[in-house]
Amino acid sequence: MSLNDDRQTAAAILIVEHDPGDMDLLTQAMEDAGYDFAAVGSVPSALALCKEEVLDLVLVDLSPPGIDGKEAARRLRRNPFLASLPIVAITASITAEEETALREGGVTALETRPIDGLRLRRTIETLLRERVRRGEDSRDR
């Protein structure tokens, strides 16, 4: 199913997570929130999907095998259509210096493990509201 089949109400979110347990938690949180979403296990798959789908937000694991979440954010930011796309990085722990580097590389927000569905949903809702307020509705492209 295409992410964009029913774009009247649901935000389209891409989940990039390689751990099956965390993927289950994230997909359940998206289902509970009523978001339209796609889930992939690698950054290359995510980058390919970003070329095909109109997205409102990306959740990306910082440490998948191969290309990591930091590089994924940098590559997404190079695309003019995705330059303002909110990117939420998911990590186990992070130092202040690492957080600064991630934000400079294009990450919009951070979520730490263990994944808290309610906290994640609040972060997503805040980022989506900010995007709408700035007039950056991805459905207009």
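Figures for the structure shown
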read-out: Meets criteria (in contact with a His (Cβ under 7 Å, 6 or more places away or on another chain) and of a type outside the set (Ser, Thr, Tyr)) for Pro65; value: yes
read-out: Residue among Leu26, Leu49, Leu14 that is in contact (Cβ under 8 Å) with a residue 24 or more places away in the chain, part of a helix (DSSP H, G or I), out of contact with any Lys or Arg (no Cβ under 9 Å at 6 or more places or on another chain) and under 18 Å from Arg122 (Cα atoms); value: Leu26
read-out: Candidate set: segment 32-55, residues that are in contact with a Gly (Cβ under 9 Å, 6 or more places away or on another chain) and closer than 19 Å to His18 by Cα; chosen: the one surrounded by the fewest Cβ atoms within 10 Å (Cβ to Cβ); value: Pro44
read-out: Complete set of residues in segment 107-139 that are assigned to a loop (DSSP other than H, G, I, E, B) and either touching a Lys or Arg at 6+ places or on another chain (Cβ under 6 Å) or surrounded by 17 or more Cβ atoms within 10 Å (Cβ to Cβ) (or both); value: Val107, Thr108, Ile115
read-out: Test: residue in segment 81-94 that is part of a helix (DSSP H, G or I) and not basic (Lys, Arg); value: no
read-out: Leu55 closer than 18 Å to Ile124 by Cβ, free of Cβ contacts under 8 Å to residues at least 40 places away in the same chain and part of a loop (DSSP other than H, G, I, E, B); value: no
read-out: Identity of the residue in segment 56-74, surrounded by fewer than 22 Cβ atoms within 10 Å (Cβ to Cβ) and among the charged types (D, E, K, R), that ends up nearest to Arg119 (Cα to Cα); value: Lys70
read-out: Sole residue being at pLDDT 95 or above and hydroxyl-bearing (Ser, Thr, Tyr), chosen from Thr123, Thr91, Thr100; value: Thr123
read-out: Positions within segment 75-106 being exposed (fewer than 14 other Cβ atoms within 10 Å of the Cβ) and out of contact with any helix residue (DSSP H, G or I) (no Cβ under 9 Å at 6 or more places or on another chain), in sequence order; value: Arg78, Pro80, Ala92, Ser93, Thr95, Ala96, Glu97, Thr100, Glu104
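Table: residues versus (1) of a type in the set (Asp, Glu); (2) modelled with pLDDT of 95 or more; (3) under 16 Å from Ala12 (Cα atoms).
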| residue | (1), (2), (3) |
| --- | --- |
| Leu47 | no, no, yes |
| Cys50 | no, no, yes |
| Asp68 | yes, no, no |
| Ile87 | no, yes, yes |
| Ala109 | no, yes, no |
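The values are calculated or read from the model by the stated rules, or taken from the named source; none is laboratory data. Here the structure is a predicted model, which means the values were calculated and not measured. Don't worry about glycine lacking a Cβ; one is built from the backbone with ideal geometry, like all the others, and counts go over all protein chains shown.
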